[in-house]
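Asks: Sharing a structure, written as C-alpha cells. Questions coming.
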2 protein chains.
Amino acid sequence: MNLTLRQLRAFVAVAECSRFALAAEQLHLTPSALSMLIKDLESELGVKLLDRHTRMVRVTEAGREFLGSARRVLQDLDIAVLNSRERAAYKHGKVAVASASVLAVTLLVPFMREFQAAYPGVRVEVRDTAEENIKDALLAEEADIGIGTYEEAQSEITETELFRDTLVALIPEQHPLARKRSVSWSELAQWPFIALSPGSPIRRDLDAHLAAQGIRLNVAYEASFPSTVFALVSNAMGIAVLPANSRQLMNMPGIAYRPLGKPKLMRRVCAFHLKHRSLSPAAELFHRLLVEYVEAHRSRLTVPVDPASG
Amino acid sequence: MNLTLRQLRAFVAVAECSRFALAAEQLHLTPSALSMLIKDLESELGVKLLDRHTRMVRVTEAGREFLGSARRVLQDLDIAVLNSRERAAYKHGKVAVASASVLAVTLLVPFMREFQAAYPGVRVEVRDTAEENIKDALLAEEADIGIGTYEEAQSEITETELFRDTLVALIPEQHPLARKRSVSWSELAQWPFIALSPGSPIRRDLDAHLAAQGIRLNVAYEASFPSTVFALVSNAMGIAVLPANSRQLMNMPGIAYRPLGKPKLMRRVCAFHLKHRSLSPAAELFHRLLVEYVEAHRSRLTVPVDPASG
DNA sequence: CCGGTTTACGGCAAACGTAAGGATG
DNA sequence: CATCCTTACGTTTGCCGTAAACCGG
C-alpha cells in the first residue's frame, strides 16, 4: 500500500490527454518520469490501467473503474484543502464569544459591526451571560473567547487586558447623596446598597476594595445583571456602584451618576481564552482586531464621569 | 499543492491516538518524522490541525473539519485499491464472449461450467452469433473475446488457434450418397447443396477449397446458422458440409454423416481478441484457461467421423 | 527531572532527467 | 522513418532516523 497522490494525478492526466507526452508537460514532468509513475501505480493495483501504443493511449476497463475513484479522491481532497485555506484566509470560520452582558452592548456589538463588514464569511456567535459564567463557558468549550472582568489568573485561561473602566456611583435623583458632586467610599456604606451577586468579579473587586478600608456594605438587594441594578436604583430602592461604561447600556430616568473618591477602583476588562486550545484562525483574527479596536476607541470606552449629566 | 497521502495517514493516526509517539509506532515511524509530516501538512493547509502539549494532543476545530475529509479520502482510496486488486485476483470482473452459435454449445458452455465453478465472482456474458458477426462484435468492443473460425489475419485482431475440426458431409438417409462410406468433393457438386451464407468463414473456406479443384457447388439453399442446415438436410432438401463438431449440437433424425475425401479440409477454430486492447484480468484468465481446456479435451472436440453412426 | 514533541543534521533510497532503445503505424 | 513510450543510468532531492534541545507539568 504505497501508492501516492502523484501517481493518481499522473493517471488522471494521462487518461484525460490520451498521451503521455502531453500529460507529462501538464504535470511538469518528463515522459520518462510519468511512465514510471503509471507503471508503479499499475503494479500497486495489480491491473493494467492503460493500453499504450505508438499512436494512442487508451484506458482499460479496470482503468475506467479506477479512474472514477481517483478523480473523486482528488476532487474531495482539493475541496478539503480549499476549505482549510479559506478558513486560513478568514473566508469562513466561526467564532463563539461569551461576553458579560453589559460589555456585549457597549463593546462587543459595536466591534462586531466592523468585524462582520470586513469578514462577512466568518460566523460570530455571541452568548451574553453573567460575568461569573464566562470562564465556565470557556472551560466547557462553548466559547472560543470570553469578554469580562479580570479575575485572579487561572492556569487554564489566558487573559488579555482590553481597557480599564472607572467605577461610579448610581444614586436615585431624590437621594441625599445625589446632592454631592462626588461620593466617598465610606458614604456608600451608610445607605441601602444594591449589589451584584457575590459571584460577580465586579462585586468581588468592590468588596475587596472596601474591606481594605474597613468598610462593609449595607446590601439591600442583589442582582445578577446590571440592567436590574439600574431598574432598582431608578426606582429609588437604594444606591449602587457600577462601571462607568455601563451607562451606555440604557438611559434610565431618575439616576444620578457620581464619581467615587480615592482610592480609585478600576475595573479591568479582559478577553479570555483557553491556554491549551489554540484559537481558530477566525477566532485569532477576532481577538487581534478586538484589541486593535479597543485601542482605537479607548476614549469612548473609558467614559469620564460628568456629574452634571444624568 | 504538494500534500501527500502519508501526511493524511499521519494526521488521522495522531488524531486517533492523541499521541505522537503512539501514532508514530503504528505508522512504523519515529516521532520526529511524524512531527515533520504533520508540520508540513499544516503549512500546506495554512491552518493548525493539532494542539500539542506535553500531556496531550488535541484536534483543533479546523483539524476536526479536515479530519473528516481526510478519513473519507483515505477510505475511498482503500476501496478503489481493493477493488482493483480483487479484479486482479479474479474475485470479480467481467468477460464478454462472442461465439459462433455451434461453438457456444459444443465448446463454450461446457468450458464456462468449469470456469464459473472455479471463479464464481467473474461475470461471463455470452453472445452467440453467426460466425460472420464475431469480429464486428470485437471491433465494436461489445465483446472481449470472440470464438469462431479462422479468417485471414486482420491487423486489428489477434487469433489463437484452439483446435482443428474435420468437415463432414451431411446426407439425408434416403439420399443415394448415403450409401457410400465416404463422399468425394466432386460428388458434392452433383446434388442440390445447402450452404451457409456467403459471409460465413466456413462457407468461404469450402468455396475456396472446391474452387482450387475446379468444382462449383450447386447451391439450393443458404442458411446463416448450422441448426437451419441440419433441419434442411433432415427434411431431405439437399446435402451439406459442416464441421464434424457440430454434430454435438443436435440430434436430428434422418441424417447420415460421411467423411469427405482428399484433399482434407479442416476448419480452424480460433479465439480472437483485439490486438490493441489488452484483455482485462478476467478475460485474460478466461482466454488462458480456454486454451488449456481445449488441450485437455482435444479428443472430444475433434470428433472422428464414424460412418456407421447417425 | 521526566515524558513527550520539536529541531538539527547526516545518510540513504526514491524519483527525476538525460539519453539510448524499441515498437508501431 | 518518424513518433511516442520505455528502459538504463547517473544525479539530485527529500525523507527518515539519531541525537540533542526544548517545553510543560
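Asks: Please give the FRET efficiency for A:Ala21 paired with A:Leu289, using the beta carbon to beta carbon distance and R0 = 45 Å, rounded to the nearest 0.05.
Replies: Efficiency computed from Cβ-Cβ geometry: 0.30.
Asks: Can I ask one more? Taking the Cα centroid of the stretch A:235-303 and of the stretch B:205-229, what is the distance between the two, rounded to the nearest whole Å?
Replies: A separation of 108 Å, based on Cα centres.
Asks: Compare the Cα positions of A:Val81, A:Ile171, A:His297 along the charge dipole of chain A (+1 at Cβ of Lys, Arg; -1 at Cβ of Asp, Glu; about the Cα centre) and return the one farthest towards the positive end.
Replies: A:His297
Asks: Same structure again: For labels at B:Leu82 and B:Ile215 in the simple 7 Å Cα→Cβ model, what's the distance in nm?
Replies: Label-label distance for B:Leu82 and B:Ile215, simple model: 6.3 nm.
Asks: For the stretch A:190-304, what is the relative contact order in percent, using Cα pairs closer than 8 Å and at least 6 residues apart in sequence?
Replies: 26 percent
Asks: Using a 10 angstrom cutoff on alpha carbons, build the Gaussian network for chain B and name the most mobile of B:Ile202, B:Ile215, B:Ile239.
Replies: Maximum among the listed residues: B:Ile215.
Asks: For chain B, with a Gaussian network of springs between Cα atoms less than 10 Å apart, report the residue from B:Val57, B:Val241, B:Val183 with the top mean-square fluctuation.
Replies: B:Val57
Asks: Also, I was wondering about something else. Give the nm distances, rounded to one decimal, from A:Glu141 to the matching residue in every other copy, measuring between label points 7 Å along Cα toward the beta carbon; shortest first.
Replies: 5.1
Asks: Given the options A:Gly261, A:Gly214, A:Gly238, which has the most mean-square fluctuation in a GNM of chain A, springs set between C-alpha atoms less than 10 angstrom apart?
Replies: Comparing A:Gly261, A:Gly214, A:Gly238 in the GNM, the peak value goes to A:Gly214.
Asks: Follow-up question, since we're still on this one. Please check which bits of the stretch B:33-77 a label hung off B:His92 would reach, taking the label as a point 7 Å along Cα-to-C-beta and the cut-off as backbone N under 18 Å.
Replies: B:75-77
Asks: Rounded to whole Å and sorted largest first, what semi-axes of the equivalent ellipsoid does the C-alpha gyration tensor of the stretch A:105-180 yield via the square root of 5 times each eigenvalue?
Replies: Value: 31, 20, 12 Å, ordered largest first.
Asks: Treating the point 7 Å from Cα along Cα-beta-carbon as the label, what are the nm separations from B:Arg58 to the other copies, to one decimal?
Replies: Shortest to longest, the spacings are 5.8 nm.
Asks: Taking a spot 7 Å from the Cα of A:Met1 along the direction of its beta carbon, which residues of the stretch B:20-51 have an amide N less than 16 Å from it?
Replies: Within reach of a label on A:Met1, which here means backbone N under 16 Å from a point 7 Å along Cα→Cβ, the stretch B:20-51 contributes B:23-29.
Asks: When Rg is the radius of gyration of the Cα atoms in the stretch B:164-266 and Rh is its Kirkwood radius, what does Rg/Rh come to?
Replies: 0.91
Asks: Please state the Cα pair-distance histogram of the protein assembly as shown with 20 angstrom bins from zero: what percent is in each bin?
Replies: Bins of 20 Å from zero give 15, 26, 19, 15, 12, 8, 4, 0 percent of pairs.
Asks: How high is the relative contact order of the stretch B:87-133, in percent, with contacts defined as C-alpha pairs under 8 Å that are six or more residues apart?
Replies: Relative contact order of the stretch B:87-133: 59 percent.
Asks: In addition: Can you list which of the trypsin sites (Lys or Arg not before Pro) found in the stretch B:237-277 are DSSP loop residues with at most 12 other C-beta atoms within 10 Å?
Replies: Within the stretch B:237-277, the qualifying trypsin sites (Lys or Arg not before Pro) (loop, at most 12 other Cβ atoms within 10 Å) are B:Lys264.
Asks: Another one. Rounded to a whole number, what is D in µm²/s for chain A from Stokes-Einstein with the Kirkwood radius over alpha-carbon pairs (10 °C, 1.306 mPa s)?
Replies: Roughly 66 µm²/s, to the nearest whole number.
Asks: Over 28 Å between Cα atoms: which of A:Lys39/B:Lys135; A:Lys91/A:Lys275; B:Lys135/B:Lys262; B:Lys91/B:Lys275; A:Lys91/B:Lys48; B:Lys135/B:Lys180 fall into that group?
Replies: A:Lys39/B:Lys135; B:Lys135/B:Lys262; B:Lys135/B:Lys180
Asks: Nearest 20 debye, what's the magnitude of the dipole of the stretch B:165-293 about its Cα centre given +1 on Lys and Arg Cβ and -1 on Asp and Glu Cβ?
Replies: 300 debye
Asks: Which whole-number percentage describes the relative contact order of chain A, with Cα contacts under 8 Å and a sequence gap of 6 or more?
Replies: Contact order relative to length: 21 percent.
Asks: If the label point is 7 Å along Cα→Cβ of A:Gln248, which residues in the stretch A:258-284 have backbone nitrogen under 16 Å from it?
Replies: Answer for the stretch A:258-284: A:267-271.
Asks: Every other copy gets compared here: list the nm distances from the B:Tyr221 label point (7 Å along Cα to Cβ) to its counterparts, shortest first, one decimal.
Replies: Reported distances to equivalent positions: 11.5 nm.
All of the numbers you see were taken from the coordinates with simple rules; none came from a lab. Source: prediction; values computed, not measured. All Cβ positions, glycine included, derive from the backbone under ideal geometry; neighbour counts span all protein chains shown.
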